[in-house]
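The values are calculated or read from the model by the stated rules, or taken from the named source; none is laboratory data. As the structure is a prediction and not an experimental result, all values here were calculated from the model. Using ideal geometry, Cβ is built from the backbone for each residue, glycine included, and neighbour counts are taken over all protein chains shown.
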Amino acid sequence: MEMDVPYAIKISGVKKKYRLGQIGGGSLVAEVQSRWARLRGREDPNQRVGAKNLTRGDVMALDGIDLEIGQGETIGIIGANGAGKSTLLKIISRVTSPTEGEVDIYGKVASMLEVGTGFHGELTGRENVYLNGAILGMDRAEVTSKMNDIIDFSEIGEYIDTPVKRYSSGMYVKLAFSVAAHLDAQIMIMDEVLAVGDAAFRRKCIDKMRALEQQEGRTILCVSHNMETIRRLCDRCVVLSHGRLVFDGDTSDAIAEYMGISGVFSRHCEYPEEMHRPQPNRRLVIERADFGESFAGQCEEGGTIDFSVTMRGYEHNPGDYDVRLRADMVNSFGNISGMMFSDVVYTLRPGETVTLDVGMDCEHLTPGVYQVSLYAYTLSDTGDMTMLDMIDNAFVIEIISGGFPERWYKNWDGRLRLHKLSVKAVQHLVKGTI
């Protein structure tokens, strides 16, 4: 490795174009038949039965990426699905080539673009370790000297001589990560590989990558939709959107930028008719939720999120309703982590509009991104709940680590009893009609 070069990877004007639709007919004869049919405006004779004609076109998966990654940096790459993250990693890993531009790499690269990349299913775990070492240019003696460390870290010692086709996805990841972490590669590239496996092993991997960066000067590129993983691992982060690099800088600022451009977080959330869940007892409309101008969608563990909710009662309601609020917290794995309920917040009269200040105590929420669903409901004398309006995925928040003890991470997917929603004040009342 040329140590006088200040960067490990230099990406200059990289573009990648893909053609939409089917490419190639499987044989020269089929390709000629298909092309002749298209020129004559006829149906493709090689098209599958029931398939519709596809309009050919081009899509730019990457559109002019310029990026320099220094030696020993750990950099996160985030963005919405289809932003170009995986395509960029494939180009860096030489899996595919760019349509335009250049990628200069200084050092050996170990890539984990999906579970079991580079593994042969018929070979045992031990044989695949030797295979990966050979791909990285290491001889058998070098791999053998690190074999025990690889096996110990992967936690699959008793299965190491079993063909990997019998491994679970979690076992694949454990061995693949262990190989990449212990073999002599200066650059590690990982695409969502830590999304598989148990929580304890994910934390172990993050600690290992931190150690590789700090002690051995490894360069690490990590793609993940788990913002807490990115925050804990990376000091620098880039954001991709529609194939373009739109941000490059501090990780916290990058996450805030991503949440903003992707529509994940908005300070002013309006709820059109299609967002309200149909129900027979709907008596009001939750019109909007608003956050302060200084709030960027993030709250530290143990903090409180303040926002306002505006509701309007139907003009034709038969009477007043004692309205309560409920917030469901859904984590990044799609599980409900907990619910928050309020006491009676307001007696809403027909045709009346009210804006309420709400406080959401986040003491019992572990770090991560949460979708919050808002519900307005009332209780009968017997305690039965009647939903008055329901907004699924009303807004998104992110809880960031505040240095709480490790025990807070052990119930990551748990269902918790959360504090009550506090309604602090009624801001204004307006008569209206629905």
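Filter segment 112-166 down to the residues that are of a type in the set (Lys, Arg) and within 20 Å of Lys204 (Cβ to Cβ) and list them by number. I'd like the intermediate steps shown before the answer.
Going through segment 112-166, the residues of a type in the set (Lys, Arg) turn out to be 126, 140, 146, 165-166.
If the condition is that a residue be of a type in the set (Lys, Arg) and within 20 Å of Lys204 (Cβ to Cβ), then Lys146 is the only one that fits.
Within segment 235-265, track down each residue that is modelled with pLDDT under 85 and among the β-branched types (Val, Ile, Thr).
If the condition is that a residue be modelled with pLDDT under 85 and among the β-branched types (Val, Ile, Thr), then Ile255, Ile261, Val264 are the ones that fit.
Quick one: in segment 211-224, which of the residues that are surrounded by 16 or more Cβ atoms within 10 Å (Cβ to Cβ) and modelled with pLDDT under 85 is farthest from Arg236 (Cα to Cα)? Spell out the reasoning first.
The initial filter retains those residues of segment 211-224 that are surrounded by 16 or more Cβ atoms within 10 Å (Cβ to Cβ), namely 212-213, 218-224.
So of that shortlist, the ones also modelled with pLDDT under 85 come out as 212-213, 224.
Numbers: Leu212: 16, Glu213: 13, Ser224: 14 Å.
The qualifying residue farthest from Arg236 (Cα to Cα) is Leu212.
Within segment 344-385, track down each residue that is under 20 Å from Val285 (Cα atoms), charged (D, E, K, R) and either in contact with a Ser or Thr (Cβ under 9 Å, 6 or more places away or on another chain) or at pLDDT below 80 (or both).
Within segment 344-385, Asp357 is the sole residue that qualifies.
If I ask for residues that are modelled with pLDDT of 85 or more and under 13 Å from Met385 (Cα atoms), which ones from segment 317-341 would you list? Quick ask: steps written out before the conclusion?
Let us first name the residues in segment 317-341 that are modelled with pLDDT of 85 or more, namely 322-329, 339-341.
Asp322, Val323, Arg324, Leu325, Arg326, Phe341, listed by residue number.
Looking at (1) among the aliphatic types (A, V, I, L, M); (2) modelled with pLDDT under 90; (3) under 28 Å from the mean Cα position of the chain (by Cα), which is the only condition Ile75 fails?
(2)
Scan the strands (runs of 3 or more DSSP E) fully inside segment 305-394 and keep the ones with 2 or more residues being hydrophobic (A, V, I, L, M, F, W, C) and surrounded by 20 or more Cβ atoms within 10 Å (Cβ to Cβ). Spell out how you get there, then give the answer.
Details: elements: 321-330, 336-341, 346-348, 352-361, 368-379.
Counting at least 2 such residues, we get 321-330, 352-361, 368-379.
Is there a residue in segment 243-254 that is free of Cβ contacts under 8 Å to residues at least 40 places away in the same chain and touching a Pro at 6+ places or on another chain (Cβ under 8 Å)?
No, segment 243-254 has no match at all.
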